[in-house]
Amino acid sequence: MRPKIKTCIEGLDEQMTGGIPQGHVVLISGMPGTMKSTVAYNILFNNAKKENKKGLYISLEQGRDSLVDHMAGLGMAHSEVDTQVNIVDMAYLRLNMDGEASDQQSWIDIFKMYADTLKQNFDYDILIIDSLPVLEILAKMNNRREDLFYFFGWLRELDVTTFIVAEASDDPTHINEEDFLADGIIRLKKERQGYDISRQIVIDKMRGTKHNTGYFTLMHNGKEFQLSRVFGV
Ligand SMILES: Nc1ncnc2c1ncn2[C@@H]1O[C@H](COP(=O)(O)OP(=O)(O)OP(=O)(O)O)[C@@H](O)[C@H]1O
Ligand SMILES: [Mg+2]
């Protein structure tokens, strides 16, 4: 059986026979504020601490300092894993890219070159891209279907396990191109219950492994995620 990469969310990996098959390209999809970035970072942080795996977090949306602060507030201090987890943001990428990224295609080419070079030098196991909508804007993807197809193909050849933070609408009939291209989809939702909002997580798709398709309530106690089954959905 293919080795698995754990989400390290207590209770979730058992729902997909141990985790995500290594090498998969998986979407972490949800509306704003559904804790997509936290779920993504949690994978890197805990895989570094518990599984001795290396990770690269490319944050295109949120600045590095803001991300590091947010994660520290959720019990995941970057200083604990700084040799294993590399976080780069737009400002950092711009420093490396400015001057060269003059025409339409070159931004994505330089992005790829950066990820490739770091793969050779740092040999990371897990890649996070946060987020796909911003990547699309920067890469000026004109032919979305074709451009995404080739981008996903390139990611698979990179030989890492990739998590891409994606946008989702709450309309279940609305399906994005990337939903077909991805090997897996972990979807995050917000559900209003009276005055309260509860967060839910569902494994919508995971190629190559049996998985539960039910909804789970996802909570964070300031230190770690906690999962419980949603009944009556
Ligand atoms: N200590 C905490 N415990 C639980 N939830 C928190 C805590 N601190 C912040 N949050 C929640 O985390 C959410 C933001 O998390 P995160 O940045 O991971 O979400 P996101 O889905 O990536 O958001 P965005 O769409 O803005 O990128 C906030 O909306 C806030 O409700
Ligand atoms: Mg985010």
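Readers should treat all values here as calculations from the given coordinates under stated rules, not as data from a laboratory. Since we're looking at a predicted model, the values are computed, not measured. When we count neighbours, we look across all protein chains shown, and the Cβ atoms used for this are built from the backbone with ideal geometry, even at glycine.
Laid out as a table, the results:
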| quantity | calculated |
| --- | --- |
| Per-pair calculated FRET efficiency, R0 = 41 Å: A77 and Y195 via Cβ, rounded to 0.05 | 0.80 |
| Reachable lysines from K210, criterion Cα separation under 16 angstrom, eight or more residues apart if same chain | K4, K6 |
| K223 paired with T17, simple spin-label distance in nm, labels 7 Å along Cα-to-beta-carbon | 3.4 nm |
| Farthest toward positive dipole pole in region 9-160 [+1 Lys/Arg, -1 Asp/Glu at C-beta], among M90, M113, L44 | L44 |
| D123 versus R207: modelled label distance in nm, points set 7 Å from Cα along the beta carbon direction | 2.7 nm |
| Span-like helix ranges in the chain, DSSP H, alpha carbon extent 18 angstrom or more, Kyte mean at least -1.0 | 36-51, 106-122, 144-157 |
| Efficiency of FRET between L95 and I175 - r from beta-carbon atoms, R0 35 angstrom, step 0.05 | 0.40 |
